[in-house]
């Protein structure tokens, strides 16, 4: 990752964003733009006296929010989004507005202000229910089964078209499930909260056999920065994840053991065809051969990432 740059991080007060800011700050001037709909001020509190850190409370959906934020910026890391996959089945506009339209507004402002480089956090859900597992970056056709996945795929298409039309450059990261300290949602947070309310029984959405890949958040940030430093195509697309997967029941057992609980009864909801919710992909494992060829490797597998994340979250939640 180039040093001594002026970098804008949208969604920088969020789970992954705050870890990214932490890694960028020692060598760069960093501005965080966040509307704090899900991000937390306390995640950024350690940096408030750092002269290289700047915070703007603003919403990407509101006109004029980006004018000051993009002034003199060399590169944008765009993490701002609504990450709740389940929400799309209840509110069909939320991902259109907070993911697609917000990304369009950012790209358009970048075009006007001459900012040419953007790194974007996408998702494994753009692949839908892939028939090739592990799934490589050139898998297709891309047929997401959630509105969240569809919105992220639309964002990728917008970024690609802006790069080609306006001579921009992008890095697109398709994440596995990212877990760790400061996590605010997802299966680990859900299980910890449920077991604190009732340590004898745990509701598990779906069949419990859904099997997915997990990566610790600091490992994820390291992969992002490594790929930006090590790749220089006009559009650089990378899967980021681990090389193995675990099922939901195994995750439930890891959480229970870390909480000192035994004989926890599991109650499975069954879901939709064994899914936890409409849009839940039952099997996800990304091929990471492309980023491995650059020289990056995950530091640990899914189970160890989950274990480390649970230990951190038990102190956070």
Exercise. Among the residues of region 43-52 satisfying the criterion of being part of a loop (DSSP other than H, G, I, E, B) and touching a strand residue (DSSP E or B) at 6+ places or on another chain (Cβ under 8 Å), which is surrounded by the most Cβ atoms within 10 Å (Cβ to Cβ)?
Worked result: 44
Problem set entry | Residues of region 84-98 that turn out to be touching a helix residue (DSSP H, G or I) at 6+ places or on another chain (Cβ under 8 Å) and either surrounded by fewer than 22 Cβ atoms within 10 Å (Cβ to Cβ) or on the phi > 0 side of the Ramachandran plot (or both), as a count | 6
For this session: Considering only region 126-152, state which residues are in contact with a strand residue (DSSP E or B) (Cβ under 8 Å, 6 or more places away or on another chain), buried (at least 19 other Cβ atoms within 10 Å of the Cβ) and not in a loop (DSSP other than H, G, I, E, B).
Result: 126, 127, 128, 135, 148, 149, 152
Seminar exercise, completed: Note: among 281, 246, 264, just one is in contact with a strand residue (DSSP E or B) (Cβ under 9 Å, 6 or more places away or on another chain), surrounded by 17 or more Cβ atoms within 10 Å (Cβ to Cβ) and closer than 16 Å to residue 194 by Cα, namely 264
Exercise. Here is a list of conditions, (1) under 30 Å from residue 261 (Cα atoms); (2) touching a residue at least 60 places away in the same chain (Cβ under 8 Å); (3) assigned to a helix (DSSP H, G or I), and residue 194 meets all of them except one; can you say which number that is?
Worked result: (2)
Problem set entry | Selected residue (only one of 70, 60 is assigned by TED's automatic domain parsing to the domain that holds residue 161 and over 29 Å from residue 241 (Cα atoms)) | 70
For this session: Could you tell me whether residue 219 is in the same structural domain as residue 164 (by TED's automatic domain parsing), assigned to a loop (DSSP other than H, G, I, E, B) and in contact with a strand residue (DSSP E or B) (Cβ under 9 Å, 6 or more places away or on another chain)?
Result: no
Exercise. Out of curiosity, is residue 30 under 25 Å from residue 229 (Cβ atoms) and touching a residue at least 60 places away in the same chain (Cβ under 8 Å)?
Worked result: no
Exercise. Of all residues in region 53-71, how many are in contact with a helix residue (DSSP H, G or I) (Cβ under 9 Å, 6 or more places away or on another chain) and not in a strand (DSSP E or B)?
Worked result: 11
For this session: Considering every residue within region 88-95, establish whether at least one is modelled with pLDDT of 95 or more and over 30 Å from residue 128 (Cβ atoms).
Result: no
For this session: Show the residue pairs that are 6+ apart or on different chains and have beta-carbon atoms under 6 Å apart, the first residue being within region 268-290 and farther than 25 Å from residue 136 by Cβ, the second being modelled with pLDDT of 95 or more and assigned to a strand (DSSP E or B).
Result: 268/204
Exercise. Do you know which residues across region 284-317 are surrounded by fewer than 16 Cβ atoms within 10 Å (Cβ to Cβ), out of contact with any strand residue (DSSP E or B) (no Cβ under 8 Å at 6 or more places or on another chain) and outside any helix (DSSP H, G or I)?
Worked result: 295, 297, 317
For this session: Tell me, please, whether a residue that is assigned to a helix (DSSP H, G or I), farther than 14 Å from residue 286 by Cβ and touching a helix residue (DSSP H, G or I) at 6+ places or on another chain (Cβ under 7 Å) can be found in region 107-123.
Result: yes
Exercise. Taking the stated definitions as given, is residue 20 more than 24 Å from residue 215 (Cα to Cα) and buried (at least 20 other Cβ atoms within 10 Å of the Cβ)?
Worked result: no
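The values are calculated or read from the model by the stated rules, or taken from the named source; none is laboratory data. Just so it is clear, the model here is predicted, and its values are computed rather than measured. Reconstructed Cβ throughout: ideal geometry from the backbone, glycine too, with neighbour counts over all protein chains shown.
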